[in-house]
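Trainee: Quick one: structure below, then a few questions.
The values are calculated or read from the model by the stated rules, or taken from the named source; none is laboratory data. Remember, it's a predicted structure, so these values are computed and weren't measured experimentally. Backbone-built Cβ (ideal geometry, glycine too); neighbour counts: all protein chains shown. Quick note on the areas: whole protein, heavy atoms, side chains included, nothing else; ligands and nucleic acids left out. Shrake-Rupley method; radii C 1.70, N 1.55, O 1.52, S 1.80 Å.
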Amino acid sequence: MTDDRYGSDVLAGAGATSRATHHRAPRSSREQPAERGLVVEDVETGWVGAVVRVEKSGGLHVVVLEDRRGRTRTFRLGPGFWVDGEPVVLTAPVTTRAPARPTRTASGSVAVPDAPARVARGSRIWVEGKHDAELVEKVWGDDLRVEGVVVELLDGVDNLADALRDFGPTADRRVGVLVDHLVPGSKESRLAADALRTVPAGTVRVLGHPYVDVWQAVRPQRVGLEAWPTIERGTEWKRGILRELGWPAADQADVARAWQRILRSVRSYADLEPSLLGRVEELIDFVTA
């Protein structure tokens, strides 16, 4: 019998130990997102194809590969693939992306990304109550910060004359006032006219909408109504509205919760009545002129 001094493996050393040390260590697999168009080989079947999509099937993530003849096969996402001659573990592609920056503010103005808030002007916009202020902030807040305009609570038009006296408006420190139910012959219109007589001309502008409350300036469709209902005299208006809507109306906490629900329904200026939009825009122009 002829002695084969080289053994059956011509690349091996003199013994089993030497032979094992000459084998290359297996290459570890790297993670590879299965992006559309990536060419992949399935090791087990030899199928080569481009990634068409990744989807869930039977509770598992699978990848669909299409070969050069247009045929497709589906494989379970994970190990057992090659890309460019290297072992990979296919993972689902990253689909989350940073949201696109808005090009318009809620008021419809051109957005100014990352613009710092301007130092507050001496001029102010006054609104009658908290709900008015929150609605103005929701829609015009970005614009007001860029312009350096502060919105303050007046706590009712009854206090307008005293508030103006304390503020002392001038040509450089103007006041724009937004009033509810500012219609000819109303108490609000009389109080506004009296207050304007106490200040220098051109330093204060009082504008308003025709509604009993700023809630009505929100388009009724946003809360599932065709129109805001008419509440009979002697009934507190907001409580009456809540009863018409079928919402809790037992106390002030119910009113507060209802307003937050209404406010959340407002997405932009398009959800407000034009009679409010035009007045707020005019006041902003007045105090920034």
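Trainee: Work out how much length residue 52 to residue 254 would gain on full extension: take 0.36 nm times their residue separation and subtract the Cα-Cα distance, in nm to one decimal.
Mentor: Here the segment from residue 52 to residue 254 would lengthen by 67.4 nm.
Trainee: Right, here's the next one. Remind me, relative contact order of the stretch 141-289 in percent, using alpha carbon pairs under 8 angstrom and six or more residues apart?
Mentor: 27
Trainee: Sorted by accessible area with a 1.4 angstrom probe, largest first, how do 268, 28, 123 fall?
Mentor: Of 268, 28, 123, the descending order of accessible area is 28, 268, 123.
Trainee: State the extension gain, in nm to one decimal, for the chain segment bounded by residue 44 and residue 267, taking 0.36 nm per residue of separation less the distance between their alpha-carbons.
Mentor: Here the answer is 74.9 nm.
Trainee: Taking the highest mean first, how do the peptides 219-228, 59-68, 132-141 order by number of other beta carbon atoms within 10 angstrom per residue?
Mentor: Top to bottom by mean Cβ count within 10 Å: 132-141, 59-68, 219-228.
Trainee: Something else about it: Can you give the local net charge around residue 92? Use residues other than it whose beta-carbon is closer than 13 angstrom to its beta-carbon, Lys and Arg +1, Asp and Glu -1.
Mentor: +1
Trainee: At 222 nm, what helix-only mean residue ellipticity would the chain give, in deg cm²/dmol to the nearest 500, using -39500 (n - 2.57) for each DSSP H run of four or more?
Mentor: -8500 deg cm²/dmol
Trainee: Could you list, bin by bin from short to long, the percent of Cα-Cα pairs of the stretch 75-208 in 10 Å steps?
Mentor: Going out from 0 Å in 10 Å bins, the stretch 75-208 shows 10, 29, 23, 11, 7, 7, 6, 6, 1 percent.
Trainee: Share of antiparallel DSSP beta bridges in the chain, in percent to the nearest 5?
Mentor: 55
Trainee: Can I ask one more? Tell me, what is the percent relative contact order of the chain, built from C-alpha pairs under 8 Å that lie six or more residues apart?
Mentor: This gives 13 percent for the chain.
Trainee: Is the C-alpha gyration tensor of the chain telling us rounded, prolate or oblate? Criteria: a/c under 1.5 is rounded; beyond that, a/b larger than b/c is prolate, otherwise oblate.
Mentor: Since a/c reaches 1.5 and a/b is larger than b/c, the shape of the chain is classed as prolate.
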